[in-house]
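Notes follow once the structure below has been shown.
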Amino acid sequence: MTLKQLSVCLENKPGRLGHPCKVLAAAGINIPTLCLADTGKFGILRIMIREWEKARDVLEKAGCVVTISDVLAIEIPDHPGGMESILAILEPNAINIEYMYAFTLKRGSNAIMIVRVDKPDQASKALHKNGLSILDAAAFFTLA
């Protein structure tokens, strides 16, 4: 079960992050979680938004370059070795993790990790088979 993540390409200069944030705020769209990474001259703002289609449309209308990616929101045991237990499932199935970032809230005793993999359906099946939960949009945005 995948979620849609928006990635916004930004020039790596002061003030550039404010533009998409202002656009979303003006449209009444909340950003419950985000990750910002730089690639030298540019940055990538990755955001998880309930109304992702509306967010994409208002951002593109405002001149932002936006791509949509399928990601997994995986419940990971929040203790030493929790992350390793996920890797022990994905790696033998030849599933590559392209990037990940943690969601700041917990669900019970589990942390939530946003993960983009090259084979999301296969990863979901392998993780479910091993007793791990993948959050759907309703569950994810309930936490947000």
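The values are calculated or read from the model by the stated rules, or taken from the named source; none is laboratory data. Treat the numbers as computed from the prediction; the structure is a model and nothing was measured. Backbone-built Cβ (ideal geometry, glycine too); neighbour counts: all protein chains shown.
Regarding the stretch 108-127, can at least one residue be identified that is modelled with pLDDT under 85 and surrounded by fewer than 13 Cβ atoms within 10 Å (Cβ to Cβ)? Yes: the stretch 108-127 contains one or more residues that are modelled with pLDDT under 85 and surrounded by fewer than 13 Cβ atoms within 10 Å (Cβ to Cβ).
Inside the stretch 48-62, can you point out the residues that are at pLDDT 95 or above, closer than 25 Å to MET1 by Cβ and crowded, with 17+ Cβ neighbours inside 10 Å? Within the stretch 48-62, TRP52, ALA55, ARG56, LEU59 meet the criteria.
Among the numbered criteria (1) at pLDDT below 95; (2) under 22 Å from ARG107 (Cβ atoms), which single criterion is violated by LEU17? Answer for LEU17: the failing condition is (2). When you go through (1) under 15 Å from the mean Cα position of the chain (by Cα); (2) within 13 Å of LEU10 (Cα to Cα); (3) of a type in the set (Phe, Trp, Tyr) one by one for TRP52, which number turns out not to apply? Every listed condition holds for TRP52 apart from (2).
Just to be sure, is VAL65 surrounded by 13 or more Cβ atoms within 10 Å (Cβ to Cβ) and among the hydrophobic types (A, V, I, L, M, F, W, C)? Before you say what the answer is, go through the steps one by one.
Values: surrounded by 13 or more Cβ atoms within 10 Å (Cβ to Cβ): no; among the hydrophobic types (A, V, I, L, M, F, W, C): yes.
No; evaluated as a whole, the condition is false for this residue.
For the criterion of being modelled with pLDDT under 95, assigned by TED's automatic domain parsing to the domain that holds VAL117 and either of a type outside the set (Asp, Glu) or over 20 Å from LEU3 (Cα atoms) (or both), ASP78 passes. In the set (1) among the β-branched types (Val, Ile, Thr); (2) over 30 Å from LYS129 (Cα atoms); (3) touching a strand residue (DSSP E or B) at 6+ places or on another chain (Cβ under 8 Å), ILE74 fails one condition alone, (2).
Scanning the stretch 57-83 for residues that are charged (D, E, K, R) and over 15 Å from the mean Cα position of the chain (by Cα), which turns out farthest from HIS19 (Cα to Cα)?
Looking only at the stretch 57-83, we keep the residues that are charged (D, E, K, R), and these are 57, 60-61, 70, 75, 78.
So of that shortlist, the ones also over 15 Å from the mean Cα position of the chain (by Cα) come out as 57, 60-61, 78.
On the way: ASP57: 15, GLU60: 12, LYS61: 12, ASP78: 35 Å.
Only one residue tops the list, namely ASP78.
Across the stretch 1-30, the number of residues qualifying as hydroxyl-bearing (Ser, Thr, Tyr) and either exposed (fewer than 14 other Cβ atoms within 10 Å of the Cβ) or assigned to a strand (DSSP E or B) (or both) comes to 1.
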